Amino acid sequence: MTQPSFPSPKVFSGTVAVVTGGGGVLCSAMSRALSDAGAKVAVLDINPEAAEKVAEAIRAGGGEALGVRCDVLDRASIEAAADKICTAFGRVDILVNGAGGNKPQATTGPDAAFFDLPPDALRWVFDLNLMGVVLPSQVFGKPMARQKRGVILNIASMNAIRPLTRIPAYSAAKAGVANFTQWLAVHMAQEYSPEIRVNAIAPGFFLTDQNRFLLTEKNTGELTPRGRSIIDHTPMRRFGAPEDLMGTMLWLLSPASAFITGIIVPVDGGYSAFGGV
Ligand SMILES: NC(=O)c1ccc[n+]([C@@H]2O[C@H](COP(=O)([O-])OP(=O)(O)OC[C@H]3O[C@@H](n4cnc5c(N)ncnc54)[C@H](O)[C@@H]3O)[C@@H](O)[C@H]2O)c1
């Protein structure tokens, strides 16, 4: 039996990792961490400047990275990105499905009753968070099935475990991501290879651009009542920082978790364990 190579600092040497939403707050940090661990990284984002900025910073630090414009809701765009990655790096070993997010129009509030939330806004959130995981898994899962090896990591959310108030589409979509993680784990292992694994991280609360408007007051930066309530329900009494996700990500992508597939790991400062009393 081979020994797990984690925590070897260069556990991903010789591998190619694709990170969707790689221009964003959490997934840019994941892209850098994968590069630090030896992977060549394809940073995919609908915002090409954001993707290139992250790739450029990785190259400046001595790593290998490619910034690629990719819309995770457009199969042709994902396939074009896959072609570019294949030309540049020749293979794909790792897929991190990080693109996702909520939008204010799909959020209930004093002036936005659930009954009136526009279908377009709800559909946008469902699509981005769920189809935005399914479609890249189809495109990048195919070469993994061919080579009979690969690892997929989906970024779900605390909402997948306990739906939060105000964000119905985001909560349901992330629950869908958790369910799809289990489905795909079973499908890949049974139909293609037990060496293709699919897992997810369920981050708790990380202050980023997509939720800043919900958690802090725009003018003062003070916590909103919702932000305060989250801190009060997080036994570790803080929001997460991107670095808090890296150990779990590296573990779930590395051979240290070779016998683990179909799980959703909360990284939440204890939020999901706490009953509030
Ligand atoms: N921030 C949190 O507290 C938190 C908590 C739980 C889960 N998450 C999840 O973590 C992931 C990353 O979130 P983040 O906080 O870093 O957000 P972010 O907004 O900083 O990053 C998301 C990135 O996805 C990109 N993107 C949006 N639509 C896209 C599309 N159609 N195709 C390709 N790329 C697209 C954006 O341009 C952006 O760069 C998301 O899936 C999010 O739902 C975040």
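The values are calculated or read from the model by the stated rules, or taken from the named source; none is laboratory data. These numbers come from a predicted model, not from an experiment. All Cβ positions, glycine included, derive from the backbone under ideal geometry; neighbour counts span all protein chains shown. Side chains included, ligands, DNA and RNA excluded: accessible areas come from the protein's heavy atoms. Shrake-Rupley method; radii C 1.70, N 1.55, O 1.52, S 1.80 Å.
Annotations
- Taking the average, over residues, of other Cβ atoms within 10 Å as the packing measure, peptides 30-42, 262-274 rank 30-42, 262-274 from highest down.
- About the centre of its Cα atoms, the range 134-231 shows a dipole size close to 80 debye [charges on the beta carbon of Lys, Arg (+1) and Asp, Glu (-1) only; nearest 20 debye].
- With θ taken as phi - 60° and the Karplus curve 6.51 cos²θ - 1.76 cosθ + 1.60 applied, the whole-hertz 3J(HN,Hα) list for the range 199-209 is 9, 9, 10, 10, x, x, 10, 10, 6, 9, 4 Hz, x standing for glycine and proline.
- Ordering R226, R146 by accessible surface, largest first, gives R146, R226; the 1.4 Å probe counts only protein heavy atoms, with every chain in place.
- Proximal lysines to K84, defined as alpha-carbon separation beneath 23 angstrom and excluding residues fewer than eight positions away on the same chain: K40, K53, K142, K148
- Once backbone amide H atoms are built at 1.01 Å from N, V41 has A17, E64, A65, L66 as its partners under 5 Å, excluding neighbours fewer than 5 places away on the same chain.
- Peptide packing: for 17-28, 129-140, the average count of neighbouring Cβ atoms within 10 Å per residue gives the ranking 17-28, 129-140, highest mean first.
- Working note: Cα gyration tensor of the chain, eigenvalues times five, square-rooted, sorted largest first, giving semi-axes of 30, 20, 19 Å.
- Which of E79, E191 is most accessible, then next, and so on - probe 1.4 Å: E191, E79
- Cα-projected label distance for S272 with R146, points at 7 Å along beta-carbon direction, nm: 3.5 nm
- What the phi angles of the range 116-123 give under the Karplus curve with 6.51, -1.76 and 1.60, with θ = phi - 60°, is a coupling list of 10, 4, x, x, 4, 5, 4, 5 Hz, glycine and proline written as x.
- Among beta bridges that DSSP assigns inside the chain, antiparallel share in %, nearest 5: 5 percent
- A 1.4 Å probe, protein heavy atoms only, puts the accessible area of T108 near 30 Å².
- Under 5 Å from the amide H of V96 lie the amide H atoms of V18, V19, T20, L153, each residue being 5 or more positions distant or on a separate chain, with H modelled from the backbone and absent for Pro and chain starts.
- Dipole magnitude for the range 64-200: about 340 debye, using +1 per Lys or Arg Cβ and -1 per Asp or Glu Cβ, origin at the Cα centre.
- Between the C-alpha center of the range 183-216 and that of the range 61-117 there is a gap of 13 Å.
- Computed in the context of the full set of protein chains, the accessible area of the range 229-277 at 1.4 Å probe radius has 64% of its extent on carbon or sulfur.
- MRE, 222 nm, helices only [DSSP H, n ≥ 4, -39500 (n - 2.57), over the chain, to nearest 500]: -12000 deg cm²/dmol
- Charging the Cβ of each Asp and Glu at -1 and of each Lys and Arg at +1, and nothing else, the dipole of the range 1-103 about its Cα centre rounds to 180 debye.
- Mean separation of Cα contacts under 8 Å (6+ apart) over length of the chain, as relative contact order %: 17 percent
- Dipole-positive endmost among P118, T87, G21 within the range 7-130 (Cβ charges, Cα centre): T87
- 9 Å beta-carbon shell around V54, net charge (K/R +1, D/E -1): -1
- For K142, solvent-accessible area (1.4 Å; no DNA, RNA or ligand), Å²: 130 Å²
- Short-range pairs are left out: with C-alpha atoms under 8 Å and at least six residues apart, the relative contact order of the range 128-277 is 28 percent.
- Three-way shape label, the range 176-215, alpha-carbon gyration tensor, a/c 1.5: prolate
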